[in-house]
1. Could you please let me know if Gly579 is under 30 Å from Met393 (Cβ atoms), in contact with a strand residue (DSSP E or B) (Cβ under 9 Å, 6 or more places away or on another chain) and loosely packed, with under 15 Cβ neighbours inside 10 Å?
2. Can you tell me which residue in region 458-504 is nearest to ligand 3 (Cβ to nearest atom), limited to those that are more than 23 Å from Gly437 (Cβ to Cβ) and of a type in the set (D, E, K, R)?
3. Among the listed residues Asp609, Asp704, identify the single one that is more than 16 Å from ligand 1 (Cβ to nearest atom) and surrounded by 14 or more Cβ atoms within 10 Å (Cβ to Cβ).
4. Take the residues in region 623-656 that are modelled with pLDDT under 95 and assigned to a helix (DSSP H, G or I); name whichever of them is nearest to Arg675 (Cα to Cα).
5. Of all the residues that make up region 52-91, how many are at pLDDT 90 or above, among the small types (Gly, Ala, Ser) and within 23 Å of Ala11 (Cα to Cα)?
6. Quick one: which of Ala266, Ala207, Ala260 is away from ligand 2 (no atom under 16 Å from the Cβ), hydrophobic (A, V, I, L, M, F, W, C) and either farther than 22 Å from Ala518 by Cβ or more than 26 Å from the chain's Cα centre (by Cα) (or both)?
7. Quick check on my filter: what residues within region 159-170 are outside any helix (DSSP H, G or I) and farther than 15 Å from Leu122 by Cβ?
8. Quick check: anything in region 513-532 among the charged types (D, E, K, R), in contact with a Lys or Arg (Cβ under 9 Å, 6 or more places away or on another chain) and within 30 Å of Tyr629 (Cα to Cα)?
Amino acid sequence: MIAKVEPLTPARALRGPFDYLLGDELAGVGVGSMLVVPFGHRRLLGVVVDLAGSSDVPAERLVEPLSALEADVPETLVRLGLWVAAEYVSTPARGLALVLPPGTGTGAGRPLRPRRSLRAALTDEGRAATDARLGERQRAVLDALAAGAMSASVVVRLAGADHSTLRSLERRGLVRLEQATEAPRRPRIEGVGARRGGVEPTAAQRAALERIVERIDAPAGKPLLLHGVTGSGKTEVYLRSVAAALERGRSAIVLVPEIALTPQTAGRFVERFGDAVAIMHSQLSARERYDEWWRMRRGEARVCVGPRSAVFAPFDDLGLIVVDEEHDSSYKQEGDPRYDARVVAERRAELEGALLLAGSATPRPESQVRYERLELRERVDGRGLPPVEVVGMAGVAGPLHERTRQELDGVRRRGEKAIVLLNRRGWSNFLSCRLCGHVWECPDCDVTLVLHQAAGELACHHCGHRGRVPSECPDCGSVSVARHGAGTEQLERELEQVVAPLPVFRLDSDVAASSGIAGVLRAFEAAEAGVLVGTQMVAKGHDFPDVTLGVVLDADATLRFPDFRAEERTFALVAQLAGRSGRGERGGRVIVQALEPQARALCHAAGHDASGFLADELPRRQAFAYPPYGHLIRVVCSSTEAGPEHEAATAVRELIEAAGVPVLGPAPLFRRQARHRAQLVVRSRERAPAIVAVRAAVESVAADRRHGAAAFAVDVDPQ
Ligand code: ADP
Ligand code: ZN
Ligand code: ZN
């Protein structure tokens, strides 16, 4: 038998699969097995992607693998990994790395093995030994073990001995050594506001569930879209759908935007399904990740809850994939392969005959057009959605409108809670010299630096560059420095004055890095009253029933970006924030501050009118062949010197055009991380030919030595 093996090497040039001869002792090897294979003078880790009866390689040159690893992945996942590699113009090794046990990577590091550790304990003889013939270190080992059995590496360290000391004590019958598999590490999940106890589903929930269960039983047709207003009880529908899949002996995946931000949702799954749930999130150690992977692979865990990478959970009996908050941008991976977990989920569901169920209060146009819709039109408690007031900021001094101040004052007087969103962190957007106009910019990117007052630094939000807060202008020596624009840090101060003595809690990625998101959310929940202020993090699916006021500052800032999704983003952000308010008995309201209060996206958001927004948006998308009616592919060429990036982009453009695929550019992008960049955009109604043309063009130009100074990044379905 011949195994076709794709080597897990980061090298783009080394492209398998390569043939290896399977001897008798590797008879159990199949598609998805991981093998160590000889490759020239090296040994490489590889994955079997196919089996064949014969090979084109001459018999005398066929070699056998060196060994097979214990871990393997289901065949469908091998197919999925290779599909991702092709669809997102990456390499097979990178696509496969997504579906392999965590820590396997592209074979650069050593894969983790199930943890087995050597434990040492005293035997009865050892306990009685007072033998003068014991060496000093041997004595020290026995003394240390008198406290009880412990791991061999620990006792060796305590006694200042080494493993040969232990082995010789074992030979003399004084110490017993045994291999023990350590219990898998289970990640802890911090519940914020998770509510216990089952509920009786509402009529709307029941109707949705009926359709979902029907489709789990007979998977056919399109994915389902659960379009439910905020607070309509979508999570309860997911929980019961997962239960239905489990009852039918199938596994389920639940994708969530980011667990740290929405611990409530993950908490509800753990509450409902206990140990059957494996949680994957970014704060897990490599070991925890690996152990969870094995619990799923062995079938001990049947539900995987996690962010985008959970779409690759190693189940081989998948019945259901849920995508919660399907509009969330975190489903797109930023590094290569730049996959979109929602698209991968569609593909996987199709490959495995599972049902895809996506849900949101603000679904993407893509899923509204292409999926079959289920609706939850009302909040579970029959309470209305909060009234939204849009106020114009033209001519207003300071960050807060008079109406906002009034409402915040009401929250203060009544001792209630408010959430305030400003999608800009830091203290001030940028600094300039009052005398000569010098603007402080990042040395590596063509963008202004943001003032972070608490940390006492200027930071670049694109590359992480940090510098000290300037006391004088480097150009003219003036000490008069102007600060422009307010970020969350400054707003926090402002709000403290408005609502004192109520506490103000800030949530943005600066706080997340220092004190942790869960800590802030828990503090806000535990407080009697107060204000939560922050970036779009505060608009995620939090369920705090006692929030009575939501405020969005500079709501049309997103509209000022030249991006076809600007309207969609603005609408979703405002509608989602509005969804955090008025979930309890006291009801609630929302104030939206904007420079242009008449903006279409804001008016629809104020009316909680997702369908109206869509009806406006779709014709525009249709006319310009934007998603969901067309497909975008972005190619970014970059180089450290100015010039090569533009030449490379021009060369790629010519090849794409020659293939008959429409392409725009090259257009310069701002310099980032010390690299000059040029961008091409392919917009095509046909997907597959566009991807094929872009891949061929980029591979050809990348292999051309004349463009050796340029690097290439391809993004299919950029967000
Ligand atoms: P969504 O995700 O649609 O915004 P959630 O799933 O967070 O809504 O539900 C909002 C609240 O309603 C939660 O606290 C949830 O426990 C509660 N809930 C859901 N379904 C029911 C029900 N059938 N009866 C009573 N309460 C419910
Ligand atoms: Zn100056
Ligand atoms: Zn920078």
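1. Taking the combined requirement at face value, the residue does not satisfy it.
2. Checked region 458-504; the qualifying residue nearest to ligand 3 (Cβ to nearest atom) is Arg466.
3. Exactly one of Asp609, Asp704 is more than 16 Å from ligand 1 (Cβ to nearest atom) and surrounded by 14 or more Cβ atoms within 10 Å (Cβ to Cβ), namely Asp609.
4. Filtering region 623-656 for residues that are modelled with pLDDT under 95 and assigned to a helix (DSSP H, G or I), the one nearest to Arg675 (Cα to Cα) comes out as Phe624.
5. Number of matching residues: 4.
6. Ala207
7. Listed by number, the residues that qualify are Gly160, Asp162.
8. no
The values are calculated or read from the model by the stated rules, or taken from the named source; none is laboratory data. This structure is a prediction, so every number in the text was calculated from the model and none was measured. For neighbour counting, all protein chains shown are included, and Cβ atoms are generated from backbone atoms with ideal geometry for every residue, glycine included.
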